[in-house]
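Where a number appears in this text, it was derived from the coordinates with a stated rule and is not lab data. Bear in mind that the values here come from a model prediction, so they are computed numbers and not experimental data. Positions of Cβ are backbone-derived with ideal geometry, glycine not excepted, and every protein chain shown enters the neighbour counts.
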Amino acid sequence: MDSLFVDTRVLDALRRLRGASRSELAKAAGVAAQNLNAWLNENEEGDGYVARKNQYEVMRALGIEGDQLRPSVVHHWRVNESYFGGAQAYRDLHIMLKVFGPAALISFQRRTEPLFSLSGTQVFGLRFADARVVLTVTLPYLKPVSLDPNRFDANDLVWAFEGEDPVALIDDHEYNQLLTADITPAEFDDYATGKGDTVKWAKIHLIAREYNVGPDEVHDWITSRARQSENQVALGMNSNIATQKVANGADVPVGATPTPAPAADKFEKSSKSQNSGLARKASVSNLNEFRLFVNKSE
């Protein structure tokens, strides 16, 4: 263990990718800032500057376990591209791929965001053999991202799925989890392989079984809610039209009663039919409990 040589160039490159200053790293590792600077600048074991036990603390603060990236957490790296020399921004990433092995690249995209966005941030995932990394790339306005596996040495960086640029579409909540480090390696893999929705449906299935609610009841309830939302939109439109007619001086017959909107009438009949079906298939109390649970989860 004492003969282990630490290449401080790798540590400094990893520090830059993590977006930490040398003083912040020194504080996290419990090392004097001037000693850390001297050690990182010398590119040697540097026991005279930083004791061996403190060197391990520096590596631990950078997410290194043994001679690899810690596999039990998702690491977060950052790259800032400039208008010129975008490829140079990935110099430190080149080093990481040489040290920790090749990685598969995934592009994470919000479902609610256009595929080609003018936003100044793009989020990627790096899947090493055992470690997972979220890579946030900050871009100048209107500049396309320069991250391209073809610009790296052969097989160091490849798209996660051969022959295509994989874009993992995820919900806003999942996207925010990626950015805030509030994610596990298992969740990372779920999002990267498009299993996020599958996992959510599986959880709903388990909850439904817990409340003794069958798939037909869940289907009927979801359908009912969707129709109810459509009906509310239709009623709102009809109300706006009626209000506009009155405002424009249209004649309103005295004693006239409003004619229910066709959508509302259809929904009312549909609801009665569905409610009778629900009564036959599941207990009302169980279904109500399930509804309350899902509503709270939303």
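Listed values, structure above:
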read-out	value
Length added when fully stretched, ASN80-GLN34, from 0.36 nm per residue minus Cα-Cα	13.9 nm
Simple label model, 7 Å out from Cα along Cβ direction - SER23 to HIS205, nm	5.4 nm
Cα-centred dipole magnitude for the range 69-194, charges only on beta-carbon of K, R (+1) and D, E (-1), debye, nearest 20	440 debye
Computed label-point distance, nm, for sites ASN176 and ASP189 using a 7 Å Cα→Cβ extension	2.7 nm
Given charges at Cβ of Lys, Arg, Asp, Glu: the range 69-194 dipole, positive-most of TYR175, SER82, VAL133	SER82
Point-to-point label distance, PHE161-ARG91, nm (Cα→Cβ direction, 7 Å offset)	3.6 nm
